[in-house]
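Below is one structure, written out as structure tokens, with a few remarks after it.
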Amino acid sequence: MIDKYGKLLWDYFRDASTTTHCILGAVSLYALYRFVMKKKYKLPPGPRSLPLIGNLLAIRNESMFEKVNQWQKKYGNIITVYLGPMRTIVISDIDFTLEAFVKNGLDFSDRPFFYSLHMFAEGSKSILTSSLGDTFKYQRKVASHAIRQCLSGQQLEVISHEVMLYTAKVIKSQKDPPNCLADTIILAQQELIMTDSSSLMHMTDVHARQTVSDVFRAAVDTTHSTLDWIFLVLVTKPDVQACMQKEIDEAVGENIPGKDHRSKLVYTEAVILEIMRLYPVAALGVPHLTRNDSVIGGHDIPAKTTIMINHYSILRDPKHWDDPLAFKPERFISEDGLLRNRSFIPFSVGPRVCPGESLARCGILYIVVGLLSKFSFSLAPGEKADFTPDTSFFAYRPADYYVVAKPR
Ligand code: HEM
């Protein structure tokens, strides 16, 4: 029998073309590599995968988001999947996330290489695509400085007010929206070069340009999708809208919402946080890459493994959130103000935590406050509130919908 199959195999190899030999050789080498890795490391469990294509067939009809959540139910809170040949570990537990991204932050904070992103970022010169190192350090410093400048001045209030005016179409704004971040990043880069000349070789004009586009790329879609979720929830909850409006009227009145009012907008901010918890726009985060071998939750994590954090699942984990599927903004409110639950990580944690977190939280708050102070929102006639998320690629946003904004 063995002789028969051996002969068939031999005949096949003898007659096969060079291309077939190369493909079979590559597949065999890869299978051998996977076998050796399996023997050497005790990887987290996960679905069976094929050489080279890994688990890609499983996600051809479903989004990565849906599949990951199905696999999590079957294999647990830390799983191994193969996106093609790319070994990927998905973490759906806050303790494992903190162990990896905070306790072992430096080992877990590189980025995997994607050719398209590399090209898009002019050779991985953006913050989002760059690996840890001096250039990354300077770029984040410039971006964080610019973001802080924006937060400390009045620009954010002005921008949020312009959004309100634009949305309302009541008063037509004659001014161009101030390009606060772009200008501030360029200024911050010049300041950095003047105070630290060694930064010059790391922060070229290409890096500055990429930092500007980084901030816009990372800020616009996430903020937009978050606002989409917020208003989708609010149009279905007129009572919540009314409570927010009462608080806003008392705290802000006819003024432009700004940092002086924030401490009096506790309920409004808690509603926003609760919606961000239930509908996290970066549902699977942004992939990281490990630099060294580590152990997380008793599982081996080899160097050069892609790591994804399942924010969606962590933000609905019944171990850390009481009645996690219910809409309860009060869960964020304590007697002294807003509570911070350690599992609330829609902006991630560790060395690569979103540098725009404070700006996003303030900006979203001011926009929501500005709009609710002037309007009440309801679904447009014939519209249905559809909470089915669009999860194509890494997105997590609702489908477009129409609302009616009724002046108050
Ligand atoms: C609701 C709004 C936002 C959400 C939910 C969000 C979430 C995130 C997440 C999950 C990451 C990946 C962190 C990681 O790799 O572990 C990230 C990265 C980043 N975000 Fe945000 N973000 C938001 C708004 C913003 C804003 C307003 C800015 C800038 C003004 C910004 C700038 C960035 C940048 C530059 C990175 C890359 C950081 C790095 O690679 O080191 N984001 N964001």
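Given the criteria modelled with pLDDT under 75, surrounded by fewer than 17 Cβ atoms within 10 Å (Cβ to Cβ) and outside any helix (DSSP H, G or I), does Ser131 qualify?
Details: modelled with pLDDT under 75: no; surrounded by fewer than 17 Cβ atoms within 10 Å (Cβ to Cβ): yes; outside any helix (DSSP H, G or I): yes.
Considered against the rule, which asks whether it is modelled with pLDDT under 75, surrounded by fewer than 17 Cβ atoms within 10 Å (Cβ to Cβ) and outside any helix (DSSP H, G or I), Ser131 comes out as no.
Mind listing whichever residues of the range 291-315 are touching a strand residue (DSSP E or B) at 6+ places or on another chain (Cβ under 6 Å), within 16 Å of the ligand (Cβ to nearest atom) and more than 18 Å from Tyr75 (Cβ to Cβ)?
Arg291
Residue check, Tyr115 against (1) farther than 28 Å from Thr211 by Cβ; (2) exposed (fewer than 14 other Cβ atoms within 10 Å of the Cβ); (3) of a type in the set (Phe, Trp, Tyr), all met but one. Which one?
(1)
Name the residues in the range 296-325 that are over 18 Å from the mean Cα position of the chain (by Cα) and among the small types (Gly, Ala, Ser), would you?
Answer for the range 296-325, where residues must be over 18 Å from the mean Cα position of the chain (by Cα) and among the small types (Gly, Ala, Ser): Gly297, Gly298, Ala303.
With on the phi < 0 side of the Ramachandran plot and modelled with pLDDT of 75 or more as the only criterion, which of Leu165, Leu181, Leu151, Leu156 stands out?
Values: Leu165 fails: modelled with pLDDT of 75 or more; Leu181 fails: modelled with pLDDT of 75 or more; Leu156 fails: modelled with pLDDT of 75 or more.
Unique residue meeting the criteria: Leu151.
In the list Pro318, Pro346, which residue meets the criterion of being more than 16 Å from the ligand (Cβ to nearest atom) and either under 18 Å from Leu278 (Cβ atoms) or part of a helix (DSSP H, G or I) (or both)? I'd like the intermediate steps shown before the answer.
Values: Pro346 fails: more than 16 Å from the ligand (Cβ to nearest atom).
Unique residue meeting the criteria: Pro318.
Every residue in the range 228-279 that is of a type in the set (A, V, I, L, M, F, W, C), within 17 Å of Gly337 (Cα to Cα) and in a helix (DSSP H, G or I), please.
Narrowing the range 228-279 to residues of a type in the set (A, V, I, L, M, F, W, C): 229-235, 240, 242-244, 248, 251-252, 256, 265-266, 270-273, 275-276, 278.
Keeping just the survivors that are within 17 Å of Gly337 (Cα to Cα) gives 243-244, 248, 251, 265-266, 270-273.
Once the filter is applied, which keeps residues that are of a type in the set (A, V, I, L, M, F, W, C), within 17 Å of Gly337 (Cα to Cα) and in a helix (DSSP H, G or I), the range 228-279 yields Cys243, Met244, Ile248, Ala251, Val266, Ala270, Val271, Ile272, Leu273.
Being of a type in the set (Asp, Glu) and either in contact (Cβ under 8 Å) with a residue 12 or more places away in the chain or in contact with a His (Cβ under 9 Å, 6 or more places away or on another chain) (or both) is the filter here; which residues of the range 255-289 pass it? Break it down into steps so the answer makes sense when it comes.
Initially, the range 255-289 is screened for residues of a type in the set (Asp, Glu), giving 260, 269, 274.
Selection gives Glu269, Glu274.
Can you find, within the range 353-397, the residue that is nearest to the chain's Cα centre (by Cα) among those that are β-branched (Val, Ile, Thr) and either within 11 Å of the ligand (Cβ to nearest atom) or crowded, with 16+ Cβ neighbours inside 10 Å (or both)?
Val353
Quick check on my filter: what residues within the range 219-247 are in contact with a strand residue (DSSP E or B) (Cβ under 8 Å, 6 or more places away or on another chain) and of a type in the set (Lys, Arg)?
none
I need the full set of residues from the range 40-62 which are of a type in the set (Ser, Thr, Tyr) and touching a Phe, Trp or Tyr at 6+ places or on another chain (Cβ under 8 Å), in order please. Give the derivation first.
Residues of the range 40-62 of a type in the set (Ser, Thr, Tyr): 41, 49.
The one that is of a type in the set (Ser, Thr, Tyr) and touching a Phe, Trp or Tyr at 6+ places or on another chain (Cβ under 8 Å): Ser49.
Among the residues of the range 35-81, which ones are over 26 Å from Leu98 (Cα atoms) and assigned to a helix (DSSP H, G or I)?
The answer is Phe35, Val36, Lys39, Leu56, Leu57, Ala58, Ile59.
Pick out the one residue from Ser376, Ser348 that is closer than 23 Å to Asp110 by Cα and touching a residue at least 60 places away in the same chain (Cβ under 8 Å). Outline the logic, then answer.
On the way: Ser376 fails: closer than 23 Å to Asp110 by Cα.
Matching residue, one of Ser376, Ser348: Ser348.
Can you find even one residue in the range 298-319 that is within 27 Å of Arg217 (Cβ to Cβ) and out of contact with any Leu (no Cβ under 8 Å at 6 or more places or on another chain)?
Yes, some residue in the range 298-319 is within 27 Å of Arg217 (Cβ to Cβ) and out of contact with any Leu (no Cβ under 8 Å at 6 or more places or on another chain).
Limited to the range 298-333, what total is found for residues that are surrounded by 14 or more Cβ atoms within 10 Å (Cβ to Cβ) and within 22 Å of Lys67 (Cα to Cα)?
16
Residues that are surrounded by fewer than 19 Cβ atoms within 10 Å (Cβ to Cβ), modelled with pLDDT under 75 and either more than 12 Å from the ligand (Cβ to nearest atom) or within 23 Å of Pro346 (Cβ to Cβ) (or both): does the range 210-217 have at least one?
Within the range 210-217 (the criterion being surrounded by fewer than 19 Cβ atoms within 10 Å (Cβ to Cβ), modelled with pLDDT under 75 and either more than 12 Å from the ligand (Cβ to nearest atom) or within 23 Å of Pro346 (Cβ to Cβ) (or both)), the answer is no, since none of the residues qualifies.
With the requirement that a residue be buried (at least 18 other Cβ atoms within 10 Å of the Cβ) and free of Cβ contacts under 8 Å to residues at least 24 places away in the same chain, what does the range 240-254 give you?
Result: Glu247, Ala251.
Being farther than 27 Å from Gln70 by Cα and part of a loop (DSSP other than H, G, I, E, B): is that true of Arg291 here? Show your work before the answer.
Numbers: farther than 27 Å from Gln70 by Cα: yes; part of a loop (DSSP other than H, G, I, E, B): yes.
It is true that Arg291 is farther than 27 Å from Gln70 by Cα and part of a loop (DSSP other than H, G, I, E, B).
Has the range 327-349 got any residue that is modelled with pLDDT of 95 or more, of a type in the set (Gly, Ala, Ser) and at positive phi?
Yes, some residue in the range 327-349 is modelled with pLDDT of 95 or more, of a type in the set (Gly, Ala, Ser) and at positive phi.
Have a look at Arg277, Arg342 and point out the one that is touching a Phe, Trp or Tyr at 6+ places or on another chain (Cβ under 8 Å) and among the basic types (Lys, Arg). So that I can check it myself, show each step before the final result.
Details: Arg342 fails: touching a Phe, Trp or Tyr at 6+ places or on another chain (Cβ under 8 Å).
Every option except Arg277 fails the conditions.
The values are calculated or read from the model by the stated rules, or taken from the named source; none is laboratory data. None of these values were measured; they are calculated from a predicted model. Using ideal geometry, Cβ is built from the backbone for each residue, glycine included, and neighbour counts are taken over all protein chains shown.
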